Structures are given as C-alpha cells and as structure tokens.
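What follows is one structure encoded as structure tokens, with my remarks underneath.
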Amino acid sequence: MQKKRVGVITFHNYDNYGAILQSYALQKKLQEIGTQPEIIDYRCDYISNPFRLVNLKKKGLFNYIYGAIGHICYIPRRFKCNRFRRHMRYSQPVTQGKMQPVAGKYDIYIAGSDQIWDYKLTNFDTTYFLDFVKEGKKKCSYAASIGENLPPEEYQQKYKELLSDFDEILVREDYGADIVENLTEKRPEVVCDPTLLLTAEEWDKLLVEPKYKEKYILVYQLGINKEIVDFARRLHNKTGYRIVYIPFPLVGLLKCDCKITVGPAEWMGLFKNAEYVVSDSFHGVVFALIFNRKFFAKVNGHHMNRRVQQLLNLVKLTDRTMDDVSYEKLTEEIDFTYANEQIARFREHSMEQLRQMTSED
C-alpha cells in the first residue's frame, strides 16, 4: 500500500533551537508511523525580515529592537543549524500567495507545532492555517499553539472561519484548547510538543558532546531579564561551577563562557551534560526534563511563559521556578521518577492521536 504523503507547515527555517528540533521530531515520528512526510519550505516574511520599518509600527519600539537583536544573535549559528537540517526532508521553497506547488501535493496537511497561530508573531499570516490547501485534502494540526489569550475581537471571526475548516485539531496547551473551543465550540485534544515525542536515548544519537570535563551551569536565556543573570551568579557562588551561557547574558555582566555559534546538536549536548540548567525558554525546560538535569525555570517577566507553567504542573515540579528559592534549595536534588512517568504517558497518548489522525480517511 502506498504511504500517505504528509505536508507539515511550521516554524522550521528560523535558527532557533526549539523551532528546528520540534520540526525534526514531528517529521521523524510521522516517518515511524508509516507516512511519507515533508516539511513545506514556507517562510513568513514578517518573521524573516524583522528590520523592516513597517514592523516597527506593528511591534512597538521595544519588541522591534528586541526582535532585531535576536535576529542578529541567530546569524553566527546559521551554518550549524543548516547542517542539522540535513536530517529533514523539505518541499521546494514557497511564499505567501504563491503556494500552488504544494497546494495539492499531499494527502494530509498538518499545521505543526510552535506558536504558528499567534497573530502577533506572524502578523496573522493565514498560510499557517492551511488556507492554501486544495479542497478535498485533509487538514489537521499537531500541537499548534495559538498564544496565551483569546485573540482581539477584530480577529475572532476570521479565526473561527479558518479553524472550522480543519478536519482535526490537536493543540499544545490546555489554554489553547480553551481558546479554540471558545472560537469553534469544539474542544480539541491536547498533545505534547514534538520534542517530547522522542526519548533521551533517541536525542542522544543526534547530539554532539561538549568538551567540558568539569561540572557547569548551563544558562539558556531568551528574554531580557536581569534576574536570570543574578540567579546564575548566585548558583555559581553556591556551587563553584563554571557558567556556560547561550547566547550571552542579557542585561547584566557575568563571568561565563558564551556560546553564540552552537548548533542544535551542540545545544543538546550542553543540556545533556549540564549539572544545572537555568532557563526562561519552554524548550530549555523540555530538554532539562528529557535529560533529567537539575533545573530552574523563569516563568514571568518580559518573557512570559504559561506553557512552561503548564509543563511544570504536568510533572509536578512547580517548585523548580526561580521565585523565592532558598539557599538550601539551590542544590537540592530532583526525583524525576514521577516526571518521567508522566512524560511517557503523555508521549504515548500523543503518538496515538498522531496515528489516528494520519490513518483515518
């Protein structure tokens, strides 16, 4: 029997570790369940060109500058990110309004994981809602994220129309399910981020081991927040371990090894071998959990992170946030038994949803 062709649209081409690794993971698992997946090589112009002045008005000055800084940080790591992308299969490049080459190419279309349905991130790019797909083709989503709040009223009717055209919707967060239910009157299933579909052993085959022989604290910081820098310094003072920082301290001075150029394989290696992980990133916390590393998460401030809070609730490790950590708790061990069991159950539930979605006609 011929394998079903699956086209996945997601944030795949931005040199962000989480975006690349979740793209790889979903394609990997789609292959394992017997489909023939391909990532649709689509690039959102609004995200790809953060320096355009038209974005200044829409983003606001702070977010415009912050986005530009982030874009510059990604440039040194581009070569290694592209090298990792060799693990993946892509369609020909397509752009908004010129999606004809892929509009009828696949049997099933999946709007993949990440915050692809957040109108603020994409300037409400409806391509991520599969609006280009020819009639009669199956339209689904896997672990799509819609943002943390109900979209403004001026967007809600369009959201409702777009989402109502899907055959099946699977979302990444409980609050995302609430939003979709509010808009469509149908509640979608919640599934795990694709990176959690792979075990530590599976990721271990892809990573590059770091050269550090001594113990270290890994800090992966995305948001502008001095508290993270201060917390890393405090943890260093308690343990004496060196600090490894990706990409570099934002808002603060700190003696550390800055890792600006590491690719996804090296990034995972640094997580696997860290004694501690300090991060405000969702995928930073995910990989700390996957590799059972002692970690502290920042879930508030400029880089608000309800999805991290939900993940910590799932594994009952809500005490691993950076808020009000006592001196004694800094070096407290973590029992990952329950967390590993919960992730394994969530993984199997999510895989079953993926199997059903791709097997049903």
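The values are calculated or read from the model by the stated rules, or taken from the named source; none is laboratory data. Quick caveat, the model's predicted, so the values are computed rather than measured. Please note: Cβ atoms are built from the backbone with ideal geometry, for glycine as well, and neighbour counts cover all protein chains shown. Heads up: the accessible areas ignore ligands, DNA and RNA and are worked out on the full protein's heavy atoms, side chains in. Shrake-Rupley method; radii C 1.70, N 1.55, O 1.52, S 1.80 Å.
Laid out as a table, the results:
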{"item": "Net charge over other residues, Cβ less than 14 angstrom from the Cβ of residue 231 (K, R count +1; D, E count -1)", "result": "+3"}
{"item": "Tensor-based shape of the chain (alpha-carbon gyration tensor, a/c under 1.5 rounded, otherwise prolate or oblate)", "result": "prolate"}
{"item": "Using alpha-carbon coordinates, inclination of helix 264-273 to the longest axis of the chain, degrees", "result": "40 degrees"}
{"item": "Highest-fluctuation residue, 34, 176, 269 considered, GNM on the chain with Cα pairs under 10 Å", "result": "34"}
{"item": "Candidates 328, 275, 32, ranked by Gaussian network fluctuation over the chain, Cα under 10 Å, top entry", "result": "328"}
{"item": "The chain - share of DSSP beta bridges that are antiparallel (%, nearest 5)", "result": "5 percent"}
{"item": "The chain, dipole about Cα centre (Lys/Arg Cβ +1, Asp/Glu Cβ -1), debye to the nearest 20", "result": "1500 debye"}
{"item": "Percentage relative contact order, the chain, counting C-alpha pairs under 8 Å, at least six apart", "result": "15 percent"}
{"item": "Peptides 224-233, 206-215 ordered by average Cβ neighbours within 10 Å, highest first", "result": "224-233, 206-215"}
{"item": "Separation of the residue 355 and residue 241 label points, Cα + 7 Å toward Cβ, nm", "result": "3.8 nm"}
{"item": "Stretch gain in nm, segment residue 215-residue 78, where the contour uses 0.36 nm per residue and the Cα spacing is subtracted", "result": "46.5 nm"}
{"item": "Lysines with Cα under 22 Å of residue 80, excluding same-chain neighbours fewer than 8 positions away", "result": "28, 205, 211, 259, 272"}
{"item": "Surface per residue (accessible, 1.4 Å probe) for the range 139-231, Å²", "result": "45 Å²"}
{"item": "The chain - percent of accessible surface contributed by carbon and sulfur, probe 1.4 Å", "result": "49 percent"}
{"item": "Farthest positive-ward along the chain dipole, Cα basis, beta-carbon charges - from 113, 271, 126", "result": "271"}
{"item": "Karplus-derived HN-Hα couplings along the range 186-203 (A = 6.51, B = -1.76, C = 1.60, θ = phi - 60°), whole Hz, x at Gly and Pro", "result": "10, 8, x, 6, 9, 10, 7, 4, x, 4, 7, 6, 9, 7, 4, 5, 5, 5"}
